[in-house]
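Values in this text are rule-based calculations from the coordinates and carry no lab data. Computed from a prediction, not measured in an experiment: that's the story for all the values here. Neighbour counts run over all protein chains shown; Cβ positions are idealised from the backbone, glycine included.
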Amino acid sequence: MLMPSRTTSRILWGALLVSSMAFSGCRLQSGDSVVRRVGMNVSGVYAGPNGRSLVARNSGNSIQTMNVIQNGDRLEGVDNNGMVFRGRIGSVSGDPQTRASATFNLKGQTTTGVEGVMSGTFVVEGTTSTMSGTWAEPNQYSTFRGTAAVDPPPDPDPDPDPTPDPNNNNNDNNGNG
């Protein structure tokens, strides 16, 4: 009687496992599909201060504004030239209710096709967000700075069904509460 080798047995079991996952509807995904919640909102249209460019110096057409859209830690920015930049929020610190900051990176292309990378920080105070940092291209470096109006942070602990406190003395001396 012919016995299969250990290697052959492992290959057959592996094939059986993979085919059973395929038939059972299991979906294998990469880590790129994970979206991390960061607890602060930076979505907004960022413009440079006092009518100046958002990016101090870049190749191609000047970057005046950037519409930043946030989904968790993922960022997408579309500049005034229609160029798309993508990236992520890194570390977050502070209190989103008062003042919070987050590091980030955005990568895209200028109108001349040169890759540009924005590496910096968002600082959110109330409904104003400021983005600032370093702009890098293969042959030049610069800075960027801009502000945007953003949605206020959500209530950190909303109480969907408040229960009256029996010890609360907020009444009008007539027993009306």
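What is the local net charge at V45, summed over the other residues whose Cβ is closer than 14 Å to its Cβ (Lys, Arg +1; Asp, Glu -1)?
-3
Please give me the summed charge of the neighbours of T128: other residues whose Cβ is under 12 Å from its Cβ, Lys and Arg +1, Asp and Glu -1.
Surrounding charge for T128 is -1.
Give, in nm to one decimal, the length gained when the segment between V114 and N71 is fully stretched (0.36 nm per residue of separation minus the Cα-Cα distance).
Gain on extension, V114 to N71, equals 12.9 nm.
Once you order the gyration tensor axes a ≥ b ≥ c over the Cα atoms, which shape class does segment 65-142 get: rounded for a/c under 1.5, otherwise prolate or oblate by comparing a/b with b/c?
Since a/c reaches 1.5 and a/b is larger than b/c, the shape of segment 65-142 is classed as prolate.
Classify segment 25-124 from the C-alpha gyration tensor, please: rounded if a/c falls under 1.5, else prolate or oblate depending on whether a/b exceeds b/c.
Oblate is the answer for segment 25-124, as a/c is 1.5 or above yet b/c matches or exceeds a/b.
Would you tally the net charge around T111, using a Cβ to Cβ cut-off of less than 13 Å, leaving T111 out, and scoring K and R as +1, D and E as -1?
It works out to a net charge of -3.
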